[in-house]
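For reference, the structure is listed below as structure tokens.
The values are calculated or read from the model by the stated rules, or taken from the named source; none is laboratory data. Not measured: the values here are computed from a predicted model. Don't worry about glycine lacking a Cβ; one is built from the backbone with ideal geometry, like all the others, and counts go over all protein chains shown. Heads up: the accessible areas ignore ligands, DNA and RNA and are worked out on the full protein's heavy atoms, side chains in. Shrake-Rupley method; radii C 1.70, N 1.55, O 1.52, S 1.80 Å.
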Amino acid sequence: MPHSRRTERLDCDVLVLGAGLAGQRAAWAAAETVPGLRILIVSPVKTPSGSSFANRNDALGLQVPGLDQADEFMEEVLALAGPAAVRLDLVRAMADDAPMRLTELLSLNLAFRRDAAGGLMRFPGCFSAVPRAVIFDGLAKAHAAFRAKVRSLGAEFLHGYAAIGLDRDAAGRVCGAQLLALRSSPNREDRLDIRAKTVVAALGGPAALYATHICGPGGTGLSYGLLAEAGAEIVNAPFMQFFWGEAGSLAFVNPGDLPWPDSAADLAAARRGHCPVASGLPDRQLDLALLARRDANGLVQVPGRPPIVLAAQAGNGGALIDADGRTAAAGLYACGECAGGMHGADRIGGCMVLAALTFGARAGAAAAREAAGRESHAILATPPAEAGLRPEFLPRLRRSMQLHGLPGPQQKGRESFLTRLRAAVRRNAGREALLARSALAVLGAKTEY
């Protein structure tokens, strides 16, 4: 049967790609900053999705350093940075904005954990013993509250589409996106070409590139590839967060609680202080020791309990932004897990939520101000992206990432895998190329043409 395509056209002022915590906060800020703009939020699904509104814990933690804790907070963030690079102005922005972001969440009447007197309870986060984080439960309720707030300000939602390309004009400015309708049949593609004065990317991170991941439903893994292709600079992409879980259920397992010889007692005690595998701390040795025992299926056998596996949860890198969420590509902003520069190799628990809210608000406001100053849409000069994704491509990619994209000694066949990824970038103009670009970034490999 011949392949058919139908493409429609839509115009807006500010286009937000992604309806997670960062994307909705960006739309909220854009609508408040310049009332009357047409703000469009694109999401693959109408229901809660991603690591923010659909995580396994049904809760989110937010780092909230007080004014007297800002310097201490920044020192902790920077101490966890190595060997990745961190922008001091981005860390300062999170510290400065944290009290305001908490006030906004409180205005939505979210279910924060409180003590017997009704005060907010404070908790330490992973990689930090300082109790400055707050936690709210009930993510479906939180998603509904954000959605109601954004809609009350006049922003529009467009569900059922995924971005497969960012359009640029003849001057290289990002001026829209090409969307694929996820309801498209195998023999027909329904496409939507959106023109916009500014674009805010809130596309999530790279965890969906792995066969075993806990990033929540709806992740595509395309974000790094899309942003790099549009001209953004991708930083810290190899620094991922991985969690150990029981095979099958993925119930969390902390390696510090496993049996170790007495010589590793100090490492085990340190490892119990954080959930993710560390990139730059000594207790990483325990995780590497477990990874060295992986079998052909990626499982680690543990005496007396089910086998465990390492699952991808989130990325600490993304498109490098400034304090207003601008990327190196004109007209393009980024926030949430696809933005980088504010986290190092490791990050304090609750810092991703703080970053999503901080730079979602800043990027949305800046994108609206820029959009309001432009009088007309640019003329598109970008050819339509090819959406083609062979059925076997993504499962094969995820299996290979699970084999070659985890910490520790590299497995045999990694160079052959890199060669295949580079070939996919060269021969495609669609999702296979974007996924390959994303994977190469996470693997810390150059995209060689």
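Before moving on, here are some points about what is shown:
- All conditions in (1) under 22 Å from Ile348 (Cα atoms); (2) not in a helix (DSSP H, G or I) hold for Pro217, with the sole exception of (1).
- Among residues of region 245-263, those that are surrounded by fewer than 15 Cβ atoms within 10 Å (Cβ to Cβ) and in a helix (DSSP H, G or I), counted: 3
- Restricting region 72-87 to residues that are assigned to a helix (DSSP H, G or I) and in contact with a helix residue (DSSP H, G or I) (Cβ under 9 Å, 6 or more places away or on another chain), the residue that is most open to solvent (accessible area, probe 1.4 Å): Leu78
- Scanning region 194-209 for residues that are closer than 26 Å to Asn316 by Cα and surrounded by fewer than 23 Cβ atoms within 10 Å (Cβ to Cβ) yields a count of 0.
- Restricting Val34, Val45 to those that are in contact with a helix residue (DSSP H, G or I) (Cβ under 6 Å, 6 or more places away or on another chain) and in contact (Cβ under 8 Å) with a residue 40 or more places away in the chain reduces the list to Val34.
- Taking first residues from region 262-280 that are under 18 Å from Ala79 (Cβ atoms) and without any contact (Cβ under 8 Å) to a residue 60 or more places away in the chain and partners that are of a type outside the set (A, V, I, L, M) and assigned to a helix (DSSP H, G or I), the Cβ contacts under 6 Å between residues at least 6 apart in sequence or on separate chains come to Arg271/Pro255; Arg271/Gly256.
- Strands (runs of 3 or more DSSP E) fully within region 115-193 that include at least 1 residues being open to solvent by 10 Å² or more (accessible area, probe 1.4 Å) and among the acidic types (Asp, Glu): 133-137, 156-159.
- Test: residue in region 130-145 that is within 21 Å of the chain's Cα centre (by Cα) and on the phi > 0 side of the Ramachandran plot: yes
- Residue count, region 88-107 (criterion: surrounded by fewer than 22 Cβ atoms within 10 Å (Cβ to Cβ) and within 18 Å of the chain's Cα centre (by Cα)): 0
- Evaluating Ala98 against the criteria (1) among the aliphatic types (A, V, I, L, M); (2) in a helix (DSSP H, G or I); (3) in contact with a Phe, Trp or Tyr (Cβ under 7 Å, 6 or more places away or on another chain) leaves one unmet condition, (3).
- Any pair with Cβ under 6 angstrom, 6 or more apart, that starts in region 311-337 at a residue that is hydroxyl-bearing (Ser, Thr, Tyr) and ends at one that is crowded, with 24+ Cβ neighbours inside 10 Å: Thr327/Ala232; Thr327/Ala319; Thr327/Ile321; Thr327/Ala334; Tyr333/Val200; Tyr333/Gly325; Tyr333/Ala363; Tyr333/Ala367
- Taking region 396-410 as the range and being in contact (Cβ under 8 Å) with a residue 12 or more places away in the chain and open to solvent by 40 Å² or more (accessible area, probe 1.4 Å) as the test, the residues that pass are Arg398, Arg399, Leu403, Pro409.
- A single entry from Val64, Val16 fulfils the requirement of being more than 20 Å from Ser128 (Cβ to Cβ), modelled with pLDDT of 95 or more and either under 22 Å from the mean Cα position of the chain (by Cα) or surrounded by 15 or more Cβ atoms within 10 Å (Cβ to Cβ) (or both): Val16.
- Residue ID - most open to solvent (accessible area, probe 1.4 Å), chosen from residues in region 220-240 that are assigned to a loop (DSSP other than H, G, I, E, B) and over 16 Å from Ser51 (Cα atoms): Glu233
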